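Working notes for the structure below.
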Amino acid sequence: MFYNYMNLNELTIKEARQKLDQGEISAVALTQACLDQIKKIDSRLHACLLVNEIDALQEARVADQRIKAGDKSDLLGIPYLCKDIIMTKGWRTTAASKILENYIAPYDATVVRKLREAGAILLGKTNLDEFAHGASTENSAYGPTKNPWDETRVPGGSSGGSAAAVAANLCLFALGSDTGGSIRQPASFCGIFGLKPSYGRVSRSGLLSMTSSTDVIGPLTKTAYDAALVLKTIAGQDDLDATTTPEAVEHYDQVFKSDQNLQGLKIGLPKEYFLKELDPLVKEKIMAVAKKLEMAGAKLIDISLPHTQYGIPVYYIVTPCEISSNLARFDGVGWGLSHITKDLQEFYKTNRGVGFGPEAKRRIMLGTYALSAGYYDAYYKKAQQVRTLIREDFIQAFRQVDLILTPTSPHTAFKIGQQVDDPLAMYLEDIFVTGASLAGLPALSLPAGLINNLPIGAQLIAPRLQEGIILKVAGVLE
Ligand code: GLN
């Protein structure tokens, strides 16, 4: 059978796997097709901060040998892109910040090591909001990424480069990180699948820390099945990350084999996510998803998550506090930017002053303030107390239902520049995604159709470590 060489990059992982295993295509051809697509359109999109053609093709040749020798690993020979906040040995890793402009990672993040061992092919690194602070990828020190559906619009953020790359078929999947929506919201804006695993399901070792208590690495993919394959490969306990959980990793791809019947499954619709202010067009799309689930046998149940309204305020206290501490290490001494000055205080000031962009500085200041002796109890401690209430809301809800369905984002992708100078408006983007992050729960954004030719996502949230049920239901919807 003849396959158009140029279109191999459009395959899903599942399709590519079959063709690789049957010898219909080679990993080199697949990789070349992705590299060609990057060359063709990434000068416009700016999804990639780095592309390493030579290493990628070399890895592809090795993958072809392994395939020939009968190795049938799920991701063997599958090309991917990695958010540039995840360490890749010997490659520049910038977090889209000037302060790490010339930083070469000395080791692989655990997820990257696992993907290497599985034979996945790393093509390059994707753009993001600096240190993952943002919801539009406009906070990158290297310029914004454009949404492939409409290049005058943002791809969402902070994993906007990864989402745009998958949507534009620059790769078969991409890795992102999600601290408060950064995988799910760009997946919604770009019309793809974005899975934030449970906190502790995937190792954070080698992920540059933003908010250590909510950071999670996860896949952005073209299908739910592909997300299952990637998660299965990257998940698991890791000696290098004490917050990873010892529970065995499920065979997530097996959930798709069982029947498509959702009889007995209870899906909760939290009233706080469907307020009258919600755009009726968005509501219509999410309710259409709910209807499909009902038709597959699920039961829809109205529920309440009463502390939802505190999600954003709590997130924007906890997050800057952890950021102010995590970014303290970038002082110009150990790594990254290093302008030499005559005294030490000036050295710090110069390097941090030049190295960090406005949003990182805003968060460092907010966090330092909220953690200061006089305000600690009023802000940080209070926020952590309310965070417990938010988590308890979910625990209560999951006594009634198996899964929660909500919108991922209150609207479709907005215009580049539209709200870049309004940090509060940007923070409100996260209204539906911070809850699952603060509670450490797995959540997936899946395509729920188009509004005026722009994608919109629906979000499924499950109890801790129940990624399997999310993927199964997403598979039924597909
Ligand atoms: N929009 C959120 C923020 O700016 C998302 C960040 C993230 O998940 N990395 O903090």
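Brief remarks on what is shown
Yes/no per residue for (1) touching a Ser or Thr at 6+ places or on another chain (Cβ under 6 Å); (2) within 30 Å of Ser140 (Cα to Cα); (3) among the β-branched types (Val, Ile, Thr):
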| residue | (1), (2), (3) |
| --- | --- |
| Leu11 | no, yes, no |
| Arg17 | no, no, no |
| Glu24 | no, no, no |
| Cys34 | no, yes, no |
| Ile41 | no, yes, yes |
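- Candidate set from the range 358-376 (those that are basic (Lys, Arg) and in contact (Cβ under 8 Å) with a residue 40 or more places away in the chain); member that is least open to solvent (accessible area, probe 1.4 Å): Arg363
- Summed over the range 318-336, the residues that are among the hydrophobic types (A, V, I, L, M, F, W, C) and buried (at least 22 other Cβ atoms within 10 Å of the Cβ) give a count of 5.
- Residues of the range 421-442 classified as surrounded by fewer than 22 Cβ atoms within 10 Å (Cβ to Cβ), touching a residue at least 60 places away in the same chain (Cβ under 8 Å) and away from the ligand (no atom under 11 Å from the Cβ), total: 1
- Filtered residue count, the range 169-189, keeping only those that are crowded, with 24+ Cβ neighbours inside 10 Å and part of a loop (DSSP other than H, G, I, E, B): 8
- Test result for Gln384, in contact (Cβ under 8 Å) with a residue 12 or more places away in the chain, polar (S, T, N, Q) and more than 30 Å from Thr94 (Cα to Cα): yes
- Applying the condition of being open to solvent by less than 10 Å² (accessible area, probe 1.4 Å) and not aliphatic (A, V, I, L, M) to the range 88-118 and asking which residue is farthest from Ala165 (Cα to Cα) yields Thr110.
- Selection status of Thr152, at pLDDT 95 or above and within 30 Å of Trp335 (Cα to Cα): no
- Condition met for Tyr379 (open to solvent by 40 Å² or more (accessible area, probe 1.4 Å), within 26 Å of Gln309 (Cβ to Cβ) and touching a residue at least 24 places away in the same chain (Cβ under 8 Å)): yes
- Asp402, sole failed condition from (1) open to solvent by 10 Å² or more (accessible area, probe 1.4 Å); (2) within 15 Å of the ligand (Cβ to nearest atom); (3) among the acidic types (Asp, Glu): (2)
- Criterion applied to Leu208, Leu240, Leu229 was being away from the ligand (no atom under 16 Å from the Cβ), touching a residue at least 60 places away in the same chain (Cβ under 8 Å), hydrophobic (A, V, I, L, M, F, W, C) and over 30 Å from Gly449 (Cα atoms), and the one residue passing it is Leu240.
- Members of the range 127-184 found to be among the small types (Gly, Ala, Ser), within 10 Å of the ligand (Cβ to nearest atom), under 11 Å from Leu220 (Cβ atoms) and within 10 Å of the chain's Cα centre (by Cα), listed by number: Ser159, Gly176, Ser177, Ser182
- Candidates Thr368, Thr341, Thr388, Thr412, filtered to the one that is of a type in the set (Val, Ile, Thr) and touching a strand residue (DSSP E or B) at 6+ places or on another chain (Cβ under 8 Å): Thr412
To keep it simple, each residue is scored yes or no on (1) touching a residue at least 60 places away in the same chain (Cβ under 8 Å); (2) more than 24 Å from Gly236 (Cα to Cα).
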| position | (1), (2) |
| --- | --- |
| Ala135 | yes, yes |
| Asn147 | yes, yes |
| Gly156 | yes, yes |
| Ser162 | yes, no |
| Ser182 | no, no |
| Gly194 | yes, no |
| Gly200 | yes, no |
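- Among the residues of the range 57-87, just one is on the phi > 0 side of the Ramachandran plot and surrounded by fewer than 17 Cβ atoms within 10 Å (Cβ to Cβ), namely Gly70.
- Test: residue in the range 243-256 that is assigned to a strand (DSSP E or B), farther than 18 Å from Leu446 by Cβ and open to solvent by 20 Å² or more (accessible area, probe 1.4 Å): no
- Of the set (1) within 29 Å of Gln419 (Cβ to Cβ); (2) open to solvent by 70 Å² or more (accessible area, probe 1.4 Å), all apply to His339 but (1).
- Every listed requirement among (1) more than 27 Å from the chain's Cα centre (by Cα); (2) in contact (Cβ under 8 Å) with a residue 40 or more places away in the chain is met by Leu305 save one, (1).
- Scanning the range 342-356 for residues that are part of a helix (DSSP H, G or I) and either surrounded by fewer than 19 Cβ atoms within 10 Å (Cβ to Cβ) or touching a Phe, Trp or Tyr at 6+ places or on another chain (Cβ under 6 Å) (or both) returns Leu344, Gln345, Glu346, Phe347, Tyr348, Lys349, Thr350, Gly353, Val354.
The values are calculated or read from the model by the stated rules, or taken from the named source; none is laboratory data. Bear in mind that the values here come from a model prediction, so they are computed numbers and not experimental data. Note that we place each Cβ from the backbone using ideal geometry, even for glycine, and neighbour counts take in every protein chain shown. These area figures cover heavy atoms from the full protein model, side chains too; ligands, DNA and RNA do not enter into them. Shrake-Rupley method; radii C 1.70, N 1.55, O 1.52, S 1.80 Å.
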